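The values are calculated or read from the model by the stated rules, or taken from the named source; none is laboratory data. Since the structure is predicted, the reported quantities are computational estimates derived from the model, not experimental observations. Methodologically, a virtual Cβ is constructed for each residue, glycine included, from the backbone with ideal geometry; neighbour enumeration extends over all protein chains shown.
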Amino acid sequence: MTPYLDLGFLLALLVKYKSARLAWELANRFNAPFRVNALQQLHVENALSRQLYESKLRLQIAAREGLTEWRNKLAEAVFVHNVPKWEPAFRQAVIWNSQLPGRPPHTPFLLHAALASTSTTTHFLSFDPRTRALAQSAGLKLLPEKL
């Protein structure tokens with residue numbers, strides 16, 4: 001069993017959100033280390049770095065703590081780098097983008113689901129209904145089972 005952790009899920013593991021406890025309970029169903037690719041790394045580091053510039057001090061503190069937690073988890077090999085097959089994932093994202101009814105998700109969200117669907121991933125861990133639907137359509141099991 002191999003999980004793919006999307007951005008919101010990864011952030012829930014790093015920042016003290018309401019969903020952090022549930023995220024760790026679900027992640028702990030799998031054996032660490034958790035594989036992360038360059039898109040996941042960029043997405044996490046960019047989201048937290050951008051939050052450092054928020055006007056609310058509590059958001060800045062959460063971002064600093066999240067970045068520290070991220071670096072610690074990488075150093076401890078809780079998260080390890082994985083190089084996916086990018087081209088098949090991009091092709092899948094392009095297909096979804098052109099075939100989805102209505103407004104498609106932003107490109108990075110399409111790519112997270114596509115990366116999961118074109119790899120050896122068995123489970124897609126996400127709190128985002130848009131990417132969950134894509135992953136499920138590709139045959140991946142969703143966690144949490146319901147939102």
**Study point:** Selection status of PHE90, surrounded by 20 or more Cβ atoms within 10 Å (Cβ to Cβ) and of a type outside the set (Ser, Thr, Tyr)
**Key:** no
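Among the residues of the range 27-44, which ones are touching a residue at least 60 places away in the same chain (Cβ under 8 Å) and either in a loop (DSSP other than H, G, I, E, B) or more than 21 Å from PRO108 (Cβ to Cβ) (or both)? Break it down stepwise before answering.
So the first thing to find is which residues in the range 27-44 are touching a residue at least 60 places away in the same chain (Cβ under 8 Å), and the list is 27, 29-30, 37, 39-40, 43.
Scanning the range 27-44 gives ARG29, PHE30, ASN37.
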Review point. Is there a residue in the range 97-118 that is in contact with a Pro (Cβ under 6 Å, 6 or more places away or on another chain), of a type in the set (S, T, N, Q), under 19 Å from THR131 (Cβ atoms) and in a helix (DSSP H, G or I)?
Key: yes
Review point. Is it the case that TRP24 is of a type outside the set (D, E, K, R), without any contact (Cβ under 8 Å) to a residue 40 or more places away in the chain and part of a helix (DSSP H, G or I)?
Key: yes
Practice item. Starting from the range 68-89, take each residue that is on the phi > 0 side of the Ramachandran plot and list its partners that are surrounded by 14 or more Cβ atoms within 10 Å (Cβ to Cβ), counting only C-beta distances under 7 angstrom and pairs at least six apart or across chains. Key: ALA77/PRO33
Exercise for review: Find the residue count for the range 75-86, including only residues that are farther than 18 Å from ASP6 by Cβ and part of a helix (DSSP H, G or I).
Suggested key: 1
Practice item. Would you be able to say whether some residue in the range 104-123 is within 20 Å of TRP86 (Cβ to Cβ), surrounded by fewer than 22 Cβ atoms within 10 Å (Cβ to Cβ) and touching a His at 6+ places or on another chain (Cβ under 7 Å)? Key: yes
Practice item. Consider ALA47 carefully, then state whether it is part of a loop (DSSP other than H, G, I, E, B), out of contact with any Asp or Glu (no Cβ under 9 Å at 6 or more places or on another chain), touching a residue at least 40 places away in the same chain (Cβ under 8 Å) and not hydroxyl-bearing (Ser, Thr, Tyr). Key: no
Practice item. Among residues belonging to the range 23-36 that are at pLDDT 95 or above and touching a Phe, Trp or Tyr at 6+ places or on another chain (Cβ under 9 Å), point out the one that is surrounded by the fewest Cβ atoms within 10 Å (Cβ to Cβ). Key: PRO33
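The rows are residues; the columns are (1) basic (Lys, Arg); (2) surrounded by fewer than 19 Cβ atoms within 10 Å (Cβ to Cβ).
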{"residue": "LEU48", "(1), (2)": "no, no"}
{"residue": "GLN60", "(1), (2)": "no, yes"}
{"residue": "PRO101", "(1), (2)": "no, yes"}
{"residue": "ARG132", "(1), (2)": "yes, no"}
{"residue": "LEU140", "(1), (2)": "no, no"}
